[in-house]
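Report on the structure given below.
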Amino acid sequence: MKRYFIPQWLLMGAVILSACQSRHEKVSHEAVPVSSKSEITLSETQPDEQFWLALESYAKGDNKESAAFIEDGIVAMEKIADSHDADRTAIDHSIQELKTLSGKVANDQVKSTAELNKAFADAAQSLAHLRLKVTEIEFFKKSEEVAGTHLQSAVDHANRYIRFHKYTPSEEEHALLTDTQDLSKRLERGDNVSEEELKVNIKNIDSLLVNWETRFNSAQSHR
């Protein structure tokens with residue numbers, strides 16, 4: 001059975017979330033962006049590389065190039081949404097947010113990376129929710145290995161989501177993410193994973209994403 005190796009998402013998060021808050025600050029080069037090839041091997045191109053490049057271009061003052069990379073990320077997200085039979089309401093909303101952002105960046109209407117980070121965080125969250133839904137769909141198709149790759153991808157996007165918001169998970173939250181990653185590996189190996197165990201795990205991660213959204217929205221409303 002084919003095994004997948006997932007490089008740690010920490011490589012991308014440290015740089016993106018320390019990106020400049022003013023238009024002329026520099027992006028740190030202490031870490032490297034996550035390439036689409038570092039994602040779990042799936043049929044779709046992942047948008048993470050494009051969003052990283054968009055941040056980097058914006059920080060250098062190249063608005064047109066930054067907007068073009070955002071557009072590339074949008075194309076990748078649309079292909080992901082089109083590839084799966086799952087509710088795509090959240091991902092479509094995120095795509096519209098990114099389209100608006102691309103236009104604003106191109107017209108020099110964005111004054112800090114905070115707006116970019118928020119849109120990219122929303123994209124990560126919507127992709128995490130989508131992957132969770134696809135995980136369950138694939139599991140009931142008796143494709144445990146594919147279900148495992150989608151579940152791992154959901155964990156990756158969840159981690160990126162909180163790093164865009166500069167949030168460090170609690171010990172309990174970290175343990176849940178780690179347990180989910182372990183479960184994804186068991187699925188990929190074809191281990192005996194019960195329907196109940198998978199459903200409980202998916203529900204817990206989904207609830208975690210919702211709780212984080214409430215926390216971040218509340219923090220923004222008090223600024």
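See the values below:
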| quantity | calculated |
| --- | --- |
| Contact order relative to length of segment 67-140, as percent, for alpha carbon pairs under 8 angstrom and 6 or more apart | 40 percent |
| Rel. contact order, % - alpha carbon contacts under 8 angstrom, at least six apart, segment 81-223 | 22 percent |
| FRET efficiency, ASP87 to ASP62 (Cβ-Cβ, R0 25 Å, nearest 0.05) | 0.10 |
| Dipole magnitude of segment 75-223 about its Cα centre (Cβ charges: Lys, Arg +1; Asp, Glu -1), debye to nearest 20 | 640 debye |
| Solvent-accessible heavy-atom area per residue, rounded to whole Å², over segment 55-114 at 1.4 Å | 48 Å² |
| Accessible area (Å², per residue) of segment 120-223, counting only protein heavy atoms and a probe of 1.4 Å | 47 Å² |
| Among LEU177, SER218, THR149 - extreme Cα towards positive end, dipole of segment 144-223, charges at beta-carbon | SER218 |
| Segment 123-206, accessible surface, carbon-and-sulfur percent (1.4 angstrom probe) | 45 percent |
| Contour minus Cα-Cα distance for LYS142 and LYS203 (0.36 nm per residue) | 20.0 nm |
| Cβ-based net charge around ARG88, under 11 Å, with every Lys or Arg adding one and every Asp or Glu removing one | -4 |
| Extension gain (nm, one decimal) between GLN181 and THR168, 0.36 nm per residue minus Cα-Cα | 2.9 nm |
| Label-point separation in nm, ARG215 to GLN109, each point 7 Å along Cα→Cβ | 3.3 nm |
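The values are calculated or read from the model by the stated rules, or taken from the named source; none is laboratory data. For clarity, every value in this text was computed on a predicted model and none was experimentally measured. Neighbour counts are summed over all protein chains in view; Cβ atoms, including those assigned to glycine, are modelled from backbone coordinates with ideal geometry. Calculation scope for accessible area: heavy atoms of the full protein, side chains included, ligands and nucleic acids excluded. Shrake-Rupley method; radii C 1.70, N 1.55, O 1.52, S 1.80 Å.
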